[in-house]
Protein chains: 4
Amino acid sequence: MFFASDNTGPVHPSVLEALSAANEGYLPSYGAEDAMGRVTASLREILGAPQAEVRLVATGTAANALLLATLSRPWDTIFCHELAHIEQDECGAPEFYSDAKLTLVNGPDAKMGPEALEAAITASATGGRSVHQVQAGPVSLTNVTERGTLYTVDEVTTLAGVARAHGLPVHMDGSRFANAVAALGCAPSDLVRDLDALSLGGTKNGCMGVEAAVIFDPEKAWEFDLRRKRGAHLFSKHRYLTAQMEAYLADGLWLDLAGRANAACARLAEGLASVPDIALMHPPEANMIFFEAPRALHAALHAKGARYATMAPLDGDGAARIGARLVCDWSAREEMVDAFVEAARAG
Amino acid sequence: MFFASDNTGPVHPSVLEALSAANEGYLPSYGAEDAMGRVTASLREILGAPQAEVRLVATGTAANALLLATLSRPWDTIFCHELAHIEQDECGAPEFYSDAKLTLVNGPDAKMGPEALEAAITASATGGRSVHQVQAGPVSLTNVTERGTLYTVDEVTTLAGVARAHGLPVHMDGSRFANAVAALGCAPSDLVRDLDALSLGGTKNGCMGVEAAVIFDPEKAWEFDLRRKRGAHLFSKHRYLTAQMEAYLADGLWLDLAGRANAACARLAEGLASVPDIALMHPPEANMIFFEAPRALHAALHAKGARYATMAPLDGDGAARIGARLVCDWSAREEMVDAFVEAARAG
Amino acid sequence: MFFASDNTGPVHPSVLEALSAANEGYLPSYGAEDAMGRVTASLREILGAPQAEVRLVATGTAANALLLATLSRPWDTIFCHELAHIEQDECGAPEFYSDAKLTLVNGPDAKMGPEALEAAITASATGGRSVHQVQAGPVSLTNVTERGTLYTVDEVTTLAGVARAHGLPVHMDGSRFANAVAALGCAPSDLVRDLDALSLGGTKNGCMGVEAAVIFDPEKAWEFDLRRKRGAHLFSKHRYLTAQMEAYLADGLWLDLAGRANAACARLAEGLASVPDIALMHPPEANMIFFEAPRALHAALHAKGARYATMAPLDGDGAARIGARLVCDWSAREEMVDAFVEAARAG
Amino acid sequence: MFFASDNTGPVHPSVLEALSAANEGYLPSYGAEDAMGRVTASLREILGAPQAEVRLVATGTAANALLLATLSRPWDTIFCHELAHIEQDECGAPEFYSDAKLTLVNGPDAKMGPEALEAAITASATGGRSVHQVQAGPVSLTNVTERGTLYTVDEVTTLAGVARAHGLPVHMDGSRFANAVAALGCAPSDLVRDLDALSLGGTKNGCMGVEAAVIFDPEKAWEFDLRRKRGAHLFSKHRYLTAQMEAYLADGLWLDLAGRANAACARLAEGLASVPDIALMHPPEANMIFFEAPRALHAALHAKGARYATMAPLDGDGAARIGARLVCDWSAREEMVDAFVEAARAG
């Protein structure tokens, strides 16, 4: 019963096979292989962005930090939700790469609302252009959010509109972009229409370690290239990043895998919702849910072999009820889900 | 006839198989998998360094930049040869990660001599501790050097002695460490005895993308961990870095592959040495050689399908003779080597 | 009627005279003049810190940023109130110098309470030492605060105790340290007993441009020296910084000037408190007060020549009542204070 | 006999008087005082640059580092002579502010020749635009050079032409700009015609601590403003920087003082040239000379009270002859010069 993260599962067989298939003879290095052209073409089509430039890196943090650095200046502040991965889980990588600050915006279910974003931007620019404060910079949205909820297409459009009205670029941390698209049932192009940059994740959804950094303004690509190399994120044997991404995008595999993860998670949420003593903390909308349960129940589940993260230590003596996170990846089987629900019900 | 780099060839089958073998079920992420413990133990034994800490990253530039940052302070200068990879080919990554400067040391065959190093260190500290100059920091040796030559064990000991006498730490850029050990016929432990940090390469020698950052003082490991995460170089599905390195070290595969590359290169050097009009530029000591030849000969070789880098454009109108680099990796076959020599002889 | 800031007034005559007196003949540069030794001795005695090292810089932002950089590591976060000068008014200088983040703590009257600080530190270290989050770093207290209130000696001791319990160093932004000491009536040594570093301001209190950076652990001084030079804040004709500070500290001038400013401000607060329609926003404790008044009253005051900052533009169409800040420096005369109160009463 | 530096002498009385004159009543802070407009107008006229923006900082290192940061990008390299102040004497401040590297160019008498500069730029861009190397960035000329020699107007034009041909901006470190103009007898505008940025020094030539950062493209000024604030170099009581610079520029005082320093130095050079055993190391062209003399002569001069820097310790046991530097500022009197020459002749 493994629900600790969507980075603890295996790679999808098609991705592994692609690595083998790519392992033939000599190829130019550093992204000059032909297949990279195909990946770019494929993503341009999927995202409805014929001008977009695509670069591959191996970690989601690299995609986020490099893209945000490319969109900002050292004296800017980046607007994001206070629970955003770039604030909470990247040990300051966005600041390291961009030299910019982060301004935190509140909102339920890990989502910024347009009023809160507007207020934060306006507050950062009080009194007009002043040299004493950092300047308003990019807005970064996480979709799927860090609480497993979704920004709808309309919500993205609205938030991007707020940013645009202030002349600010928009970035989406899409480490679970596939899960968002699959859950929303929208066209991928609808979700990126208003973006300047997208981190499109592969690692959490069946790949080994590859993320697409999508730059919608091609004039920014050269700066990204230099930042990527300078950050030591340009792979010499780049073909193996490309092969993963090509397999991932082929025949809709990326959406298929995300759909499986979402379905497993929906089943899990439904099951847990019926367990007394368990309360879901946010609407279950993609492949990750949060629930509150008595400390003893968590302990019992762990004793039965369940693996997942709790928001406080189980052996502490704090609150009686503790929050926890469950994540499903593409490989989560129904039996495992059912076993967990059963174990939870048994207490 | 592909000699452009040792990063243009395929991955050794054992490494690919290890990726498949690792692709089973759930495992903790971020390096907490059991196999990482085995990799550390294995490298400690190979290097004769029972206290050393080992971390894996995916690029050689990341290993170099993170290790140098860990060994230096922002107001330091790092001493290296003027042809070092960290100076010439990393787009400023060492400076980006460390905030330190690089002080360039000259010397034939891409090697620093002890007098030149001593002079550079002394010059940087003229007049004693002064706040107006950057301070003397780590010494970084590249072995195999960027001209395909070697530092012997004695030479490393001597240079490290110069550094030690000034209280400076020593780093080795060993992106071709296996080639150096295989060519020198020494124990790996002999070559690292005087080091504070080693970048031990896998990528150029049969792996897909993995380098071991070896930290000989374990107290420095936590800082390295934070720098790695902050630099976005900590892999979530870390097991696939570990699997590569484990397969690479198993049963001496790393030295076996390096030996093959070195042997192919020796055959190539021997063949070219007998070609009139061709002059080797440096002693051929590992898996990379440099030679000078008439512009027309380079053009003819390229026309016949040879792929390698020249030190000036072939279609320019500069010097009549042009330098060039040839690199063999583990997969370079004798027939390919012989075909190239034959083509060179034919002109 | 000038209350815009304590940096808009003139320099005290004694400080100007000291500049003239220092303007004789040749002296070694960069702080090696004898007078700097006297300044250090004087501050050690005043602060009861015989080991402390003292360095002079010309701006308060430089003192704060360099001291915080010296106390922190690039992957740390600095805890401060959300209204702190280092967060609000330095355009990211602390982050630029330290590479660290800022974690904002709330609290009334611009003061962090011990529970809020404890909660922020604990939250930053949830789950123990994790590489995914920035690490807990220095705590920075502003005294006088940015709302004109004071941390008492006991409050500083309590907050420093919270920091100490987590092994964190403590910095005080004392750009108005003299005003704090004068208002508290304490010994300066009482207020710094628990500090690792103090920015002791001179500029706002009668000097031209000089701040003392006090480093209580002398082993940190060399790092500060390098950071100061590297930040371009080491003055060649340093004697003119020294002369200012020496005159400032001589015969208690610094406390005398602060006392005058505080007294003028107390008179101002008392006067305004009696004006209908005006409400003080925070306890008036030092040389700076905040008050709320109808938009029309602000407009009338400005029309009469009053100069001070309002927290929203007067020509906007927002709230009917607007907050504003009034600051008194050493040169604020009673007549000016009384004229302002009178004008406010007249409406 | 004080020749250690032009930062060891006093401030010219007119500059001190200007500080007193500025010390009246309330003035807006941070450079908004009227006098700053006059300084800008004055420098625009002097430099023949009606569009130029002018900003004041207190140290030459700040002017250099902030201007170079404004002209470069983090992945650039700045071309300068290997003896340049920005390389030798600023503890890495230019790199700290710009994140760029420095590429060192050789040349006699501390001057870059056009061929050497061309070669360095070309070498940095071998093979065209490559992501593996840092990119060619600004060219920085020091005039007066660090060996007391001059770039003529024609030489500046030629070097700037080399930079322009590669699309690179040009910066002049003019911490002794007044000495250069006075010595060359040119119009100031001739010397800056081809510049993008100029650090125009005041501190070494009779001021207390003020340098003008001149930005010839006004569109770059806002970035400079933000960098200055973020670097903690924006003075609150800015009027006292302005007052110094206004007095310095008034009635040609700046050129008058530089002429005095140059004349004293010419007398010194002429005197020393006639002393057997003393050899001037570079043409004496401005207010700073270098000479070689026997160790014993240096020791004798120091024993007689002379103060100046030698290029090796006098109590060492190295070379028999040692180089040394002598600098004259505006206040160097003929008698002091003559006494030194006499002492040197006496041995």
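Read-outs throughout are calculated quantities, based only on the coordinates presented, and are distinct from any laboratory measurement. Treat the numbers as computed from the prediction; the structure is a model and nothing was measured. No Cβ is skipped: glycine too gets one built from the backbone with ideal geometry, and neighbour counts run over all protein chains shown.
Ordering A:Trp254, D:Trp330 by the number of other Cβ atoms within 10 Å of each residue's own Cβ, fewest first, gives D:Trp330, A:Trp254. Between C:Ser175 and C:Asn143, C:Gly201, the built amide H atoms are under 5 Å apart, and every one of these is 5 or more places off in sequence or on another chain. Residue of chain B with the smallest Cβ distance to the axis mapping B onto A, distance rounded to whole Å: B:Ala58, 3. Within the stretch B:76-119, list the residues whose amide N lies under 17 Å from a label point set 7 Å along Cα→Cβ of B:Arg321. Under 17 Å, as judged by backbone N against the label point of B:Arg321, lie B:109 of the stretch B:76-119. Relative to the other identical copies, A:His132 shows label-point distances of 3.7, 3.9, 5.0 nm, where the label point lies 7 Å from Cα along the Cβ direction and values run shortest first.
Ignoring solvent entirely, what values of log10 I(q)/I(0) come out of the Debye formula for chain B at 0.08, 0.09, 0.13, 0.15 Å⁻¹ when each Cα is a single scatterer? After summing over all Cα pairs, the log10 values are -0.40, -0.50, -1.00, -1.25.
Each other residue within a Cβ distance under 9 Å of B:Cys80 adds +1 if Lys or Arg and -1 if Asp or Glu, for a net charge of -3. Computed from the C-beta positions of D:Ala296 and C:Asp34, the FRET efficiency with R₀ = 30 Å rounds to 0.50. Here is the short version for chain C: C:Cys80, C:Cys91, C:Cys186, C:Cys207 have no other Cys C-beta closer than 4.7 Å. Judged by the mean number of other Cβ atoms found within 10 Å, the most tightly packed of the peptides C:47-53, D:187-193 leads the ranking D:187-193, C:47-53.
Counting Lys and Arg as +1 and Asp and Glu as -1 over every other residue whose Cβ lies under 13 Å from the Cβ of C:Gly161, the net charge comes to -3.
Taking the number of Cβ atoms within 10 Å of each Cβ as an exposure proxy, the fewest-first ranking of D:Ile121, A:Ile289 is D:Ile121, A:Ile289. For the stretch B:211-347, a crude dipole built from +1 on the beta carbon of Lys and Arg and -1 on the beta carbon of Asp and Glu, taken about the Cα centre, is about 500 debye to the nearest 20.
Could you please report the charge total around B:Lys101, scoring K, R as +1 and D, E as -1 over all other residues with beta-carbon less than 10 angstrom from its beta-carbon? Result for the local shell: -4.
Distance from the C-alpha centroid of the stretch A:3-19 to that of the stretch D:259-273: 77 Å, rounded to the whole angstrom.
Legend: ranking of residues C:Lys220, A:Lys111, A:Lys237 from fewest to most surrounding C-beta atoms inside 10 Å; resulting order C:Lys220, A:Lys111, A:Lys237. Can you list the lysines whose alpha carbon is less than 27 Å from that of B:Lys304, not counting same-chain residues fewer than 8 positions off? Reachable lysines: A:Lys237, B:Lys204. Placing a label point 7 Å from Cα along the Cα-to-Cβ direction at A:Asp89 gives distances to the equivalent points in the other copies of 3.5, 3.8, 5.2 nm, listed shortest first. Considering only alpha-carbon pairs that sit under 8 angstrom and 6 or more positions apart, the relative contact order computed for the stretch D:13-253 is 30 percent.
Could you tell me which of rounded, prolate or oblate describes the stretch D:1-155, using a ≥ b ≥ c as the square roots of the eigenvalues of the alpha-carbon gyration tensor, with rounded for a/c under 1.5 and, failing that, prolate when a/b is larger than b/c and oblate otherwise? Cα axes put the stretch D:1-155 in the prolate bin. Each copy carries a label point for D:Ala300 at 7 Å from Cα toward Cβ; from one copy, the others' points are 7.1, 8.5, 10.0 nm away, ordered from shortest.
Label separation (B:Glu115 vs D:Asp217): 4.7 nm, computed from points 7 Å beyond Cα along the C-beta direction.
Of A:Pro294, A:Pro114, A:Pro313, the residue with the greatest mean-square motion in the GNM of chain A, using alpha carbon springs below 10 Å, is A:Pro313.
Each residue, A:Gln51 and B:Lys304, gets one label point 7 Å from its Cα in the Cβ direction; the gap between the two is 4.8 nm. The H on the amide N of C:Asp76, modeled in the peptide plane, is under 5 Å from the matching H of C:Lys101, C:Gln135, each at least 5 residues off or on a different chain. Farthest towards the positive end of the charge dipole of the stretch A:96-208, among the residues A:Ala160, A:Gly201, A:Phe177, is the Cα of A:Gly201, using unit charges on the Cβ of Lys, Arg, Asp and Glu.
Ignoring lysines fewer than eight residues from B:Lys101 along the same chain, the ones with Cα atoms less than 26 angstrom from its Cα are A:Lys101, A:Lys229, B:Lys111, B:Lys220, B:Lys229, C:Lys101, C:Lys220, C:Lys229, D:Lys101, D:Lys111, D:Lys229. Taking Cα centre as origin and charging only the Cβ of basic (Lys, Arg, +1) and acidic (Asp, Glu, -1) residues, the dipole magnitude of the stretch B:1-64 rounds to 160 debye.
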